[in-house]
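Scroll down for the structure; my scribbles are underneath it.
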């Protein structure tokens, strides 16, 4: 709860720093705010669960763990907003404050015990992202991305809210544990059709937020049009919060109705894996490829939901979210630096990067290998833990299909690596080294080391929950 208060109050205070008309103070200020929030969150670890707002929100180890991921992800991503510091027209104070408010929404999503609090968290996060998607007002693609995201997100929100209303109508409560008791109560059998429809509508609404097929259509266009820095935030923080919320919903509210929703979630899993991986193969833009990659990783995370195997699922989704977020931040960080200075989003923009910027090439290679699930990276053990949870529940066929899709993923994840190390620069401008500040270089090294550390010593994070 302390982290929510800090991010809310200091996010508002950060807006007033914009009156100083000096962007140079804003980046250090935002980093300090995030460090304070991360430290306050760490202090909550191991403490007795605390409920707030009439038991609508609970701070326990589950919420602390996923809050740690979203705050750490933002902290590691923030140094790559340095371009906005030097851009006299960038509204940096507003950008940072919106990111801090979005984090408040994400923390509510991982800490809720009441579906109304889930809805409030989703809306705080979503509205911030609608604005940030269109933050590059001079870019037509950014305007288009914001409009698409807003319109489709509004419909998804309405569907989610209708689902919540139907679940309330069937059970008479918004509280997760009480919903779970209502679902298990034979006396409520006559209300089951209403409950099942409500569950499906909620799955559609949350599926949109996490880019799950067949509710993924907005993802490639919005990711491509949104400024790369905010795309990275959208791809990591939003997805982590969404799956933490989804897992909590299934564990505490709908666990006794698995016979109904498991086929639905399994169908979404297969479709998401198929569309995400096959779609990524067909892309010529590295940024658009990462958009389809984000869809595919939603499919892998869905495997943990299908298994719903207690601590195995919780730890698997937590570890996968952490490994995925770190690798994705590294990928988008390198891609942003390349796009900012080479003005190219296709694979040819990465040609010869190993010669001009060996560090960038190395970090992007480590990130690609992790996203592909290659051993000695965090991504490998992320998939291993999720597949293990599914095998333990007998979903062998689903795991075999996921492994095949992972092999497809190796193809498109190696394309940037081949471009960096085996192809000459696409033009004369590409032979000029990309300017990377010392701070950014240090963060890139940290990202690569964290990815390798999670692949060598997965136990440091795999059994926290």
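Side notes on the structure shown:
- Among the residues here, residue 61 does not qualify as on the phi > 0 side of the Ramachandran plot and out of contact with any helix residue (DSSP H, G or I) (no Cβ under 8 Å at 6 or more places or on another chain).
Here's the yes/no breakdown for (1) touching a helix residue (DSSP H, G or I) at 6+ places or on another chain (Cβ under 7 Å); (2) in contact (Cβ under 8 Å) with a residue 12 or more places away in the chain; (3) in a helix (DSSP H, G or I); (4) crowded, with 21+ Cβ neighbours inside 10 Å:
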site: 29; (1), (2), (3), (4): yes, yes, yes, no
site: 33; (1), (2), (3), (4): yes, yes, yes, yes
site: 90; (1), (2), (3), (4): yes, yes, no, no
site: 121; (1), (2), (3), (4): yes, yes, yes, yes
site: 129; (1), (2), (3), (4): yes, yes, yes, yes
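- Boolean, residue 158 is out of contact with any strand residue (DSSP E or B) (no Cβ under 6 Å at 6 or more places or on another chain) and under 29 Å from residue 191 (Cα atoms): yes
- Hits in region 265-291 (condition: assigned to a helix (DSSP H, G or I) and loosely packed, with under 15 Cβ neighbours inside 10 Å): 267, 278, 281
- Top-ranked residue of region 295-312 - restricted to ones that are at pLDDT below 90 and assigned to a helix (DSSP H, G or I), ranked as surrounded by the most Cβ atoms within 10 Å (Cβ to Cβ): 312
- Scanning region 322-353 for residues that are surrounded by fewer than 20 Cβ atoms within 10 Å (Cβ to Cβ) and part of a helix (DSSP H, G or I) yields 339, 340, 341, 348.
- Boolean, residue 77 is in a helix (DSSP H, G or I), exposed (fewer than 15 other Cβ atoms within 10 Å of the Cβ), touching a residue at least 12 places away in the same chain (Cβ under 8 Å) and in contact with a helix residue (DSSP H, G or I) (Cβ under 9 Å, 6 or more places away or on another chain): no
- Qualifying residue in region 228-243 (condition: in contact with a strand residue (DSSP E or B) (Cβ under 8 Å, 6 or more places away or on another chain) and surrounded by fewer than 24 Cβ atoms within 10 Å (Cβ to Cβ)): no
- Selection within region 409-435 - over 22 Å from residue 454 (Cα atoms) and within 22 Å of the chain's Cα centre (by Cα): 412, 416
- Scanning region 384-405 for residues that are surrounded by 22 or more Cβ atoms within 10 Å (Cβ to Cβ) and closer than 30 Å to residue 348 by Cα gives a single hit, 402.
- Flag if residue 117 is closer than 30 Å to residue 222 by Cβ and touching a residue at least 12 places away in the same chain (Cβ under 8 Å): yes
- Residue match in region 178-185 (condition: part of a helix (DSSP H, G or I), touching a residue at least 12 places away in the same chain (Cβ under 8 Å) and farther than 12 Å from residue 254 by Cβ): no
The values are calculated or read from the model by the stated rules, or taken from the named source; none is laboratory data. Nothing here was measured: the structure is a model prediction, and the numbers come from that model. Glycine gets a Cβ as well: all are built from the backbone with ideal geometry, and neighbour counts include every protein chain shown.
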